[in-house]
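A short worksheet on the structure shown next.
None of the figures in this text is laboratory data; all of them are computed from the coordinates on show. Because the structure is a prediction, the values reported are computed rather than measured. Cβ: placed from backbone, ideal geometry, glycine included. Neighbour counts: every protein chain shown.
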Amino acid sequence: MPQIVIHDVSENHAGNIIISLASLPDFLRKPILKKRMEEFYTMNLPDRQEIINNALAAGHTIPFPNFSKLFSTWLDILATISEEKRKIMFSTYLSEITKNPQKLVPFNLDGILEIFLSMEKPKQDAIMSTIKGIVLGLSDEDKKRLFLVMPQSAKARLGI
């Protein structure tokens, strides 16, 4: 049985869950993450924003090999749910990132893009379509903030 280590991220309960999920084996991580994600969609906007901010605060503290497994699982789940739910998730993330683009700086964005590119093409297409639609709908100011931290390779992949 894997040991679940919960790090204290100053009352960052969502962050603690994320750190714990990252260390779980696939067969446990995916159903737990899927259940947590379903809970996310039942929350009000301020609670969603808090969850996203906590995830952004905790994500870069996870060793990249564990983070990559967690991120891959997260993307896999997102690629198989409804467009509406994907849009809610990515809109919330992009909203928080455009308010505070510096939150992305500590992340290995090239590594994250590589994880995305390792997915099956239909799953990539579903996720790219959602993200592209959200980004194109952002204000010019929000796009500018987002593009400051977004790798050129990601912009090129999205065609923006």
field: Peptides 39-52, 68-81 ordered by average Cβ neighbours within 10 Å, highest first
entry: 68-81, 39-52
task: Using 0.36 nm per residue of separation minus the Cα-Cα distance, give me the extension gain between Q124 and N66 in nm, one decimal.
output: 18.8 nm
field: Zone of K99's modelled label, taken as backbone nitrogen in region 43-58 under 14 Å from a point 7 Å along Cα→Cβ
entry: 44-57
message: Using a 7 Å offset from the Cα along the Cα-to-Cβ direction at both E39 and K87, what is the distance between the two label points in nm, to one decimal?
response: 2.6
query: Across region 74-91, in residue order, what do the Karplus-derived ³J(HN,Hα) couplings come to in whole Hz, using 6.51 cos²θ - 1.76 cosθ + 1.60 with θ = phi - 60° and x for Gly and Pro?
result: 4, 5, 4, 5, 4, 5, 10, 9, 5, 4, 4, 5, 4, 5, 4, 5, 5, 4
Cβ-defined net charge surrounding Q102, 15 Å radius [Lys, Arg +1; Asp, Glu -1]: +2
Cα-based Lys proximity count in region 13-158, under 13 Å, for pairs eight or more positions apart or on separate chains: 9
